[in-house]
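The values are calculated or read from the model by the stated rules, or taken from the named source; none is laboratory data. None of these values were measured; they are calculated from a predicted model. When we count neighbours, we look across all protein chains shown, and the Cβ atoms used for this are built from the backbone with ideal geometry, even at glycine. Only protein heavy atoms, including side chains, enter the accessible area calculation; ligands, DNA and RNA are left aside. Shrake-Rupley method; radii C 1.70, N 1.55, O 1.52, S 1.80 Å.
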Amino acid sequence: MTLSSTHLLQAVPGPDRSSTLDNLPNEVMSTIFEFYTSDLAFRTTPLTLGAVTQRWRDIAWSTPQLWTTLFFSSGYRQSSLDTRIQLAEEWLHRSGTLPLSIWIHVLPPSVEEQHRQLYYALVEALNQHCSQWHVLDLKMPRDVLSRLSLSESGCSSPRIKELTLASDTHGEISFPSLSRLKPARVVCHRIQLTHGSLTWSSVTHCSIAFLKANRILELLRAAPCLSQCQFESVQRRDIRRGREEVEHVTHSHLESLRINFSYHEAETYVLNNMTLPALKHLDIRAVVCDFHVEPLISLLTRSSCRLRSLTIQEHDYLDEELVSVLQVLPSLEILHILAGFAEENHEEAFYAALIGHLPTEETPIPRYSQPLLVSLRHFSWVGYGAFHWNALLNLLAPLDPDSNRTRPLELIDVQCIREEEDPIPYIGRDAVEKILKLKGRVGFKLSVEDEEGDRKDLLEMSLGLLNGDQTYNSTLLE
């Protein structure tokens, strides 16, 4: 429970107030107290129980199950900080030997320089209970966080499952004594753990920001059990490590990868030097840098993976590039296109390719020999401007000219985002009529964000306009 100034007052028992509960055995009272502190979670604290009577206080203080979750933040008056830290130390001591879930968030500017020694003492109290760490979530100034360590005397068999570390500055940080930790989940923000700071062999989920490109490959080698990982703002590789030849990484268990690159060099380096045969879900983007599809296509082709879902940013791709990526993904079931600008027609080639396998009067010999996205079940688009509603219906075209077999679409989800002065991107009459005919076979979730930020049903609004409903006072877009 969060240690606020109010809770300090609740730590003092009040006058004796007898009730029927006082006739219950201590063991029953302990069980009731456990329900009290668990049911209402963030709004209750065992300190409240200790403020009722001396007997309640004695029972609560001797029930370790009440003290296994601790929340501590710096968002309160600093004048009570030393008392709150002392109370946190006592809290940890009352947990006995039970697994601990601890959240401590004390980042600048709320951390004043004269209180650093107090925070050092708080970290030392954590260290003394390292064998009990189960969930550890620490957001602290770098110099405070760097004091985290395993107590030599009391941490022979650490049991941690989730580890989250964040600091106020970017860069590497070393925890040599944490090398015995074997967490299943690791989250790091603004810091990079040095190679020997953890045992990665048990890690199944990780999320790390601002990681160097070569460190990603090192992590994949060190964490063979990884099934889900997220790398945000991937940086250039560290050239200070030398120009030694890269050892290609094949990771056989990674199923879900979210990665965005801040440098083109990082994208090329990482994608060209790993193979992911088990990959099923991929979210890949570029941040303030150009994206090149060749390394991505190389990875997907080399991995021979049966990718099920793909999330991309539309503006990362030009002309036929998105089509080239999708052509190597016949197993794709879910496609999310984000941050699109419909009026710029960046996706024209994509929508044309959806029917590019069908002959027309202009092209009796189809451009593509095979249909695109034959397994697609869910298509979503989020972006700005008037959407290509008629082009969207190309998703529902036949997969071959001689039958009515179509993509197994279950949902088409389009979310149009409006700037304050933008017109409402109403759906045209022809598209509305076609969508209504198909609604029994395919689910449509077509929405627009209004001026207040609320989402409105765009199909319902377009129908209202077509039926003369004066509520929608705008011009129907062609």
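Tabulated data for the structure shown
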| quantity | calculated |
| --- | --- |
| Compactness index (Cα Rg / 2.2 N^0.38 Å), the chain | 1.25 |
| Within the chain, helix-based [θ] at 222 nm, where runs of 4 or more DSSP H residues each add -39,500 (n - 2.57), nearest 500 | -7500 deg cm²/dmol |
| The range 309-407 - percent of accessible surface contributed by carbon and sulfur, probe 1.4 Å | 52 |
| Global geometry of the range 400-442, whether rounded, prolate or oblate, following the gyration tensor of its Cα atoms and the 1.5 cut on a/c | prolate |
| Separation between Cα centres of the range 400-454 and the range 48-109, rounded to whole Å | 52 |
| Accessible area of the range 25-66 belonging to carbon and sulfur atoms, whole % at 1.4 Å probe | 60 |
| Integer Hz, Karplus 6.51/-1.76/1.60 couplings in order for the range 359-374, x for Gly and Pro | x, 9, 5, 6, 10, x, 9, x, 5, 10, 7, 10, x, 8, 6, 5 |
| For the range 281-360 versus the range 245-277, the gap between their alpha-carbon centres in whole angstrom | 18 |
| Cut-off 10 Å between beta-carbons: net charge of the residues surrounding residue 286, Lys and Arg +1, Asp and Glu -1 | -2 |
| Average accessible area per residue (Å²) across the chain - probe 1.4 Å, nucleic acids and ligands excluded | 48 |
| Calculated P(r) tail over 22 Å for the range 284-366, as whole % of Cα pairs | 30 |
| Binned Cα-Cα distances of the range 25-66, short to long, each 10 Å bin given as a whole percent | 33, 61, 6 |
| Cβ-defined net charge surrounding residue 359, 12 Å radius [Lys, Arg +1; Asp, Glu -1] | -3 |
